[in-house]
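Chemist: Here it is, the structure, as structure tokens.
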Amino acid sequence: MITKKLEKEMNDQINREFYSAYLYLSMSAWFKEQNFDGFANWMNVQYQEESFHAMKLFEYVVERGGKIVLQQIDQPDNEFESVTKIFELTLEHERFITGCINNLMNVAIEEKDHAAKSFLQWYIDEQVEEEANADKLLQTIKMVKANPHTLYMMDKELTTRSFTPPAPV
Ligand code: FEO
């Protein structure tokens, strides 16, 4: 069993992961409208990853005998200023999520739940990659934004990204 406190925190995180999925799907739609199919694809893969993050937590709570309480998902923005702005928002959002995951780990430590700590380590490591991916794209976009041709080439490259669910551990 997980404690009621951890159960509540994990349910809150499930909601934040679904919100992240929603946010990136909304960004994907915006990129589609702008005919940036590669960036739209990148955001669609983000959407799938976030759904996976939510469901991995969902299954863990169930496995530990906890109760799932799904909450309302906030409406994400649907208009964005620019490609650069979107990736600034993405990096900012991932940093926020990293903070939430760290808080969740702190609760698992306080509750002396070693199994939860081991489970949450996956999310701690995943956030390093999430922030690094968003930051790398943001820095590249900042570098090339004055050059529409390079931005176009970058968009083309991003059409190849696909989602592969991690193997179960
Ligand atoms: Fe689920 Fe992008 O963190």
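Chemist: List the pairs whose first member sits in segment 68-88 and is modelled with pLDDT under 95, whose second member is hydroxyl-bearing (Ser, Thr, Tyr), and whose Cβ atoms are under 9 Å apart, counting only residues at least 6 apart or on separate chains?
Modeler: none
Chemist: Ok, one more. So, in segment 46-60, exactly how many residues are surrounded by fewer than 18 Cβ atoms within 10 Å (Cβ to Cβ) and among the polar types (S, T, N, Q)?
Modeler: Selection size over segment 46-60: 1.
Chemist: Is it true that some residue in segment 100-113 is under 18 Å from the mean Cα position of the chain (by Cα), under 15 Å from Gln46 (Cβ atoms), at pLDDT 95 or above and crowded, with 18+ Cβ neighbours inside 10 Å?
Modeler: So in segment 100-113, the residues under 18 Å from the mean Cα position of the chain (by Cα) come out as 100-105.
Checking which are under 15 Å from Gln46 (Cβ atoms) leaves us with none.
Looking for residues that are under 18 Å from the mean Cα position of the chain (by Cα), under 15 Å from Gln46 (Cβ atoms), at pLDDT 95 or above and crowded, with 18+ Cβ neighbours inside 10 Å, one finds none in segment 100-113, hence no.
Chemist: Looking at Lys67, Lys56, which one is of a type in the set (D, E, K, R) and more than 14 Å from the ligand (Cβ to nearest atom)?
Modeler: On the way: Lys56 fails: more than 14 Å from the ligand (Cβ to nearest atom).
Criteria check complete, one pass: Lys67.
Chemist: Any residue at all in segment 14-30 that is over 16 Å from the mean Cα position of the chain (by Cα), of a type outside the set (A, V, I, L, M), more than 16 Å from the ligand (Cβ to nearest atom) and modelled with pLDDT of 95 or more?
Modeler: The initial filter retains those residues of segment 14-30 that are over 16 Å from the mean Cα position of the chain (by Cα), namely 29-30.
Restricting the remaining residues to those that are of a type outside the set (A, V, I, L, M) gives 30.
Still in the list and also more than 16 Å from the ligand (Cβ to nearest atom): 30.
Of the ones still in play, those that are also modelled with pLDDT of 95 or more are 30.
Yes, because at least one residue in segment 14-30 is over 16 Å from the mean Cα position of the chain (by Cα), of a type outside the set (A, V, I, L, M), more than 16 Å from the ligand (Cβ to nearest atom) and modelled with pLDDT of 95 or more.
Chemist: For segment 61-84, name all the residues that are over 30 Å from Asp135 (Cβ atoms) and loosely packed, with under 11 Cβ neighbours inside 10 Å.
Modeler: Of all residues in segment 61-84, those over 30 Å from Asp135 (Cβ atoms) come to 61-70, 72.
Within segment 61-84, Gly65, Gln72 meet the criteria.
Chemist: What residue, among those in segment 121-169 that are outside any helix (DSSP H, G or I) and of a type in the set (Gly, Ala, Ser), is nearest to the chain's Cα centre (by Cα)?
Modeler: From segment 121-169, those outside any helix (DSSP H, G or I) are 145-147, 161-169; that's our starting set.
Checking the rest, the ones that are also of a type in the set (Gly, Ala, Ser) come to 146, 162, 167.
Details: Ala146: 28, Ser162: 15, Ala167: 18 Å.
Checked segment 121-169; the qualifying residue nearest to the chain's Cα centre (by Cα) is Ser162.
Chemist: Here is a further query. Any residue in segment 100-107 that is touching a residue at least 40 places away in the same chain (Cβ under 8 Å), outside any helix (DSSP H, G or I), among the aliphatic types (A, V, I, L, M) and under 27 Å from Ser26 (Cα atoms)? Lay out the reasoning, then the answer.
Modeler: Here is the first cut: in segment 100-107, the residues touching a residue at least 40 places away in the same chain (Cβ under 8 Å) are 100-101, 103-104, 107.
Then keep just the ones that are outside any helix (DSSP H, G or I); that gives none.
The answer is no; no qualifying residue exists.
Chemist: Inside segment 42-53, can you point out the residues that are touching a helix residue (DSSP H, G or I) at 6+ places or on another chain (Cβ under 7 Å) and either within 11 Å of the ligand (Cβ to nearest atom) or under 13 Å from Leu137 (Cβ atoms) (or both)?
Modeler: Going through segment 42-53, the residues touching a helix residue (DSSP H, G or I) at 6+ places or on another chain (Cβ under 7 Å) turn out to be 42-44, 46-47, 50-51, 53.
Within segment 42-53, Trp42, Met43, Gln46, Tyr47, Glu50, Ser51, His53 meet the criteria.
Chemist: Now for a different question. List the number of the failed condition for Ile97; all other conditions in (1) within 20 Å of Ala21 (Cα to Cα); (2) among the aliphatic types (A, V, I, L, M); (3) touching a residue at least 24 places away in the same chain (Cβ under 8 Å); (4) out of contact with any Lys or Arg (no Cβ under 8 Å at 6 or more places or on another chain) hold.
Modeler: Tallying (1) within 20 Å of Ala21 (Cα to Cα); (2) among the aliphatic types (A, V, I, L, M); (3) touching a residue at least 24 places away in the same chain (Cβ under 8 Å); (4) out of contact with any Lys or Arg (no Cβ under 8 Å at 6 or more places or on another chain), Ile97 fails exactly one: (4).
Chemist: Oh, and also: Filter segment 111-129 down to the residues that are acidic (Asp, Glu) and out of contact with any helix residue (DSSP H, G or I) (no Cβ under 8 Å at 6 or more places or on another chain), then identify the one that is nearest to the ligand (Cβ to nearest atom). First the steps, then the outcome.
Modeler: Our first condition is that a residue be acidic (Asp, Glu); within segment 111-129, this holds for 111, 113, 125-126, 129.
Retained after the next criterion (residues that are out of contact with any helix residue (DSSP H, G or I) (no Cβ under 8 Å at 6 or more places or on another chain)): 125, 129.
Numbers: Asp125: 12, Glu129: 9 Å.
The residue in question is Glu129.
Chemist: Would you check which residues across segment 93-110 are away from the ligand (no atom under 14 Å from the Cβ) and of a type in the set (Val, Ile, Thr) and list them?
Modeler: Answer for segment 93-110, where residues must be away from the ligand (no atom under 14 Å from the Cβ) and of a type in the set (Val, Ile, Thr): Val107, Ile109.
Chemist: Among Thr90, Thr84, which is the only one that is over 30 Å from Gly65 (Cβ atoms), more than 16 Å from the ligand (Cβ to nearest atom) and part of a helix (DSSP H, G or I)?
Modeler: Thr84
Chemist: Restrict the check to segment 2-11 and report whether at least one residue is more than 29 Å from Gln139 (Cβ to Cβ), more than 16 Å from the ligand (Cβ to nearest atom) and β-branched (Val, Ile, Thr).
Modeler: Step one: filter segment 2-11 for residues more than 29 Å from Gln139 (Cβ to Cβ), giving 2-11.
After this cut, where a residue has to be more than 16 Å from the ligand (Cβ to nearest atom) as well, the list is 2-8.
Those left that are additionally β-branched (Val, Ile, Thr): 2-3.
Looking through segment 2-11, at least one residue is more than 29 Å from Gln139 (Cβ to Cβ), more than 16 Å from the ligand (Cβ to nearest atom) and β-branched (Val, Ile, Thr).
The values are calculated or read from the model by the stated rules, or taken from the named source; none is laboratory data. What you see is a predicted model; the values in this text were computed from it and never measured. Ideal geometry is used to build each Cβ from the backbone, glycine not excepted, and the neighbour counts take in all protein chains shown.
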